[in-house]
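Colleague: Below you will find the structure I want to go over with you.
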Amino acid sequence: MNQSIELLNDGIQLESGPLPGWWKSILITTLALCPVYWLYFHSGAPGRTMADAYDQAVFNNAQLLFAQIGELNPDADTIRRFSAKDNWVKVGKAIFKSNCIACHGRSGEGIIGPNLTDDSYKSVRSIEDIARVILKGANNNAMPAWEGKLQTNEVVLVSAYVASLRGTNVAGGKSPEGAEIPPWPPVPPEPEVSQ
Ligand code: HEC
């Protein structure tokens, strides 16, 4: 007799009775909930993943931080300055995630709207045009106007984020549209704080 059979030969019998009902119901409930869970969290709908929740928290916190920066103007210097401030670009990214990814993609790679990660633009010739297009819209509202829907500070920060996307050339992005434009101007110095 070989050893493995001896080990089994301890008086314990292997039965083939049915699984207990409570055990089966846990299994079936888990299986039934699985697609619900999957659809909810992985269908790509914005705002449901932990990362999106984090972005939302950053955004909510930003509303408090807006007090620090006052009312910004959507001009070239302001947008360029903020495009170089990582913490504020993150806020711009959260605004982008809440409002823009349906048409421009999660990383700005372009879906209905153009790719914002290359050097070619349809309506943008200089950096302040980003804010102008966001405020006023473009192409008969194919790009909606956000004036009145976003606060001016939000427009500046989302513009700064869009400016920062330039040159990231996300893999698999939409092919370039419009014309290649000159690089953004250098980051201007911080304005003097007048007391
Ligand atoms: C309903 C879809 C849609 C949404 C939502 C949308 N866009 Fe657009 N966007 C477009 C389309 C389409 C264009 C191209 C318009 C054209 O043909 O000139 C565009 C153009 C732009 C441009 C100019 C790009 C270029 O090549 O000149 C910028 C910048 C931009 N969008 C930023 C944003 C930002 C920031 C948001 C969110 C606040 C946003 N868009 C939300 C569809 C959208």
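Colleague: Could you work out how much longer the chain between Thr30 and Lys136 gets when fully extended? Use 0.36 nm per residue separation minus the Cα distance between them, nm to one decimal.
Modeller: Working: separation 106, 0.36 × 106 = 38.16 nm, distance 4.91 nm.
Working it through step by step, the gained length comes to 33.3 nm.
Colleague: Using a Gaussian network model on the chain with a 10 Å cutoff between Cα atoms, which of Leu72, Leu14, Leu157 fluctuates the most?
Modeller: It is Leu14.
Colleague: Taking θ = phi - 60°, what integer Hz values does the Karplus form 6.51 cos²θ - 1.76 cosθ + 1.60 yield along the range 113-119, in sequence order, with x for Gly and Pro?
Modeller: My calculation for the range 113-119 gives x, x, 5, 9, 10, 9, 9 Hz in order.
Colleague: Could you compute the longest span of the chain free of GluC sites (Glu not before Pro) located in DSSP loops and having at most 16 other Cβ atoms within 10 Å, not counting the site residues? It would help to have the intermediate numbers written out before the result.
Modeller: Working: sites that count: Glu15, Glu71, Glu177, Glu192.
So the longest stretch without any such site is 72-176.
Colleague: Can you tell me the orientation of helix 86-99 relative to the chain, as the angle in degrees between its alpha-carbon axis and the longest Cα principal axis, to the nearest 10?
Modeller: 70 degrees
Colleague: Sticking with this one: Pick from Ala163, Ala53, Ala94 the residue whose mean-square fluctuation is largest in a GNM of the chain, springs joining Cα atoms under 10 Å.
Modeller: Of Ala163, Ala53, Ala94, the Gaussian network model singles out Ala53 as fluctuating most.
Colleague: Can I ask one more? Would you pull out the residues with amide H under 5 Å of Ile181's amide H, same chain only if 5 or more places away, H placed 1.01 Å from N?
Modeller: For Ile181, whose amide H was placed from the backbone, the distant partners under 5 Å are Tyr121.
Colleague: log₁₀ I(q)/I(0) of the range 77-186 at q = 0.18 Å⁻¹, via Debye over equal Cα point scatterers, no solvent, to two decimals?
Modeller: Calculated log10 I(q)/I(0) at the listed q: -0.83.
Colleague: Please work out, to two decimal places, the log10 of the ratio I(q)/I(0) at q = 0.08, 0.15, 0.18 Å⁻¹ from a Debye calculation in which every Cα of the chain carries one identical scatterer.
Modeller: Debye curve over Cα of the chain, log10 I(q)/I(0) at q = 0.08, 0.15, 0.18 Å⁻¹: -0.41, -0.95, -1.24.
Colleague: Per DSSP helix of 4 or more residues, -39500 (n - 2.57); summed, then divided by the residues of the chain. What does that give at 222 nm, rounded to the nearest 500?
Modeller: Details: 8 runs with 97 residues, N = 195.
Mean residue ellipticity, 222 nm, calculated: -15500 deg cm²/dmol.
Every number here is computed from the coordinates shown, using simple stated rules; none is lab data. Bear in mind that the values here come from a model prediction, so they are computed numbers and not experimental data. As a convention, Cβ positions derive from the backbone with ideal geometry for all residues, glycine included, and neighbour counts pool all protein chains shown.
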